[in-house]
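Structure record follows, encoded as structure tokens.
The values are calculated or read from the model by the stated rules, or taken from the named source; none is laboratory data. This is a predicted model, so every value here is computed, not measured. Please note: Cβ atoms are built from the backbone with ideal geometry, for glycine as well, and neighbour counts cover all protein chains shown.
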Amino acid sequence: MRFATFEIDGKAVWGLASDKGLHAVDAATLARYPSLKAAIAADALAEVAATLKDSAPSATLATAQFLPVIPDPEKILCVGLNYEAHRLEGGWPEVEHPTIFGRFANSQIGHGQPMIKPKVSDKLDYEAELAVIIGTPGRHISEADAMDHVAGYACYNEGSVRDWQRHTGQFTPGKNFIGTGAFGPYLVTKDEIADLGPLVMEARLNGEVMQHTKLDDLIFSVPRLINYISTFTELVPGDVIVTGTPGGVGSRRDPQVWMKPGDEIVIEIDKIGLLSNKIVAEA
């Protein structure tokens, strides 16, 4: 199953995604589950999909106004330096534990929405990443049980303002500029993906492949990340874990590559989706 959050007549709705288009939930369902996050928390995705699968689409995939898959997560937990090629290109040492930092929900955009290059920097970089959306809550979740807590997956582009990221040892400023975190287009439910490992993830800037990896190149696996994060905080439905980016980021190229207004950046993950955004200058 695939689900999306999108706008109809300026109002945020959510629903099922099919090859025919996006099928918005009706008013009664929206009253019961006002967001995709609420439906995940109620374990209602299969029920909703069954009611929508034969419905007429509310919008085509080409014309839909996508919003971030989960516009209102309680937490967005990002992972740094989680692919060996990326660790090596930055000259970072091996670590025993994952590097975790936060992103704010108001920094997010949906598929097709503009990614904003801030006024204060010309160093806007791309980061292709797999997002994991939590389905059931938990603390101290074992690695063996971790995948039972996953609702599904999505593409994420963790647009990073590198000079602000490196003002200090804390990444937060460079990871939270408004309009830099692209998330979508869909949540693909866990049952659709038997094995994440062989899936290929790519970043393409203006059609040129900049990053290419298989997801089994993660240093810290999805179960390990869930185990680690749930030890220091409770994971709740709709929380997003952004699992890290592979080698090939623009800041580590020679010459360096920065996204600029007019560019198009695409993140694609096999079986999960294609996330595309054009770069615009901050007004």
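Do we find that Lys271 is touching a residue at least 12 places away in the same chain (Cβ under 8 Å), closer than 25 Å to Leu187 by Cα, part of a loop (DSSP other than H, G, I, E, B) and of a type in the set (D, E, K, R) in this structure?
yes
For every residue, the table says whether it meets (1) under 23 Å from Tyr186 (Cα atoms); (2) surrounded by fewer than 17 Cβ atoms within 10 Å (Cβ to Cβ).
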| position | (1), (2) |
| --- | --- |
| Thr213 | yes, no |
| Phe220 | no, no |
| Thr243 | yes, no |
| Val249 | no, no |
| Ala283 | no, yes |
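Can you tell me which residue is farthest from Ala85 (Cα to Cα) among those in the stretch 120-144 that are of a type in the set (Asp, Glu) and under 21 Å from the mean Cα position of the chain (by Cα)?
Asp125
For residues that are touching a helix residue (DSSP H, G or I) at 6+ places or on another chain (Cβ under 9 Å) and crowded, with 16+ Cβ neighbours inside 10 Å, scanning just the stretch 192-210, find the one that is nearest to Leu130 (Cα to Cα).
Across the stretch 192-210, the extreme among qualifying residues is Met201.
Condition test on Asp54, is it touching a residue at least 40 places away in the same chain (Cβ under 8 Å) and not assigned by TED's automatic domain parsing to the domain that holds Val188?
So Asp54 fails the test.
I'm checking my understanding of the structure. Among residues of the stretch 210-240 that are acidic (Asp, Glu) and outside any helix (DSSP H, G or I), which one is farthest from the chain's Cα centre (by Cα)?
Glu234
Does the stretch 145-157 contain at least one residue that is of a type in the set (D, E, K, R), touching a residue at least 60 places away in the same chain (Cβ under 8 Å) and over 20 Å from Lys271 (Cβ atoms)?
No, the conditions are met nowhere in the stretch 145-157.
In the stretch 25-48, what residues are small (Gly, Ala, Ser) and buried (at least 23 other Cβ atoms within 10 Å of the Cβ)?
Passing the criteria: only Ala39.
Restricting attention to the stretch 82-137, which residues are in a strand (DSSP E or B) and either surrounded by fewer than 20 Cβ atoms within 10 Å (Cβ to Cβ) or out of contact with any helix residue (DSSP H, G or I) (no Cβ under 9 Å at 6 or more places or on another chain) (or both)?
The answer is Thr99, Ile100, Phe101, Gly102, Gln108, Ile109, Met115, Ile116, Lys117, Ala128, Glu129, Ala131.
Could you please tell me which pairs satisfy a Cβ distance under 6 Å, a separation of 6+ or placement on different chains, a first residue in the stretch 22-35 that is modelled with pLDDT of 95 or more, and a second residue that is assigned to a helix (DSSP H, G or I)?
His23/Leu52; Tyr33/Ala39
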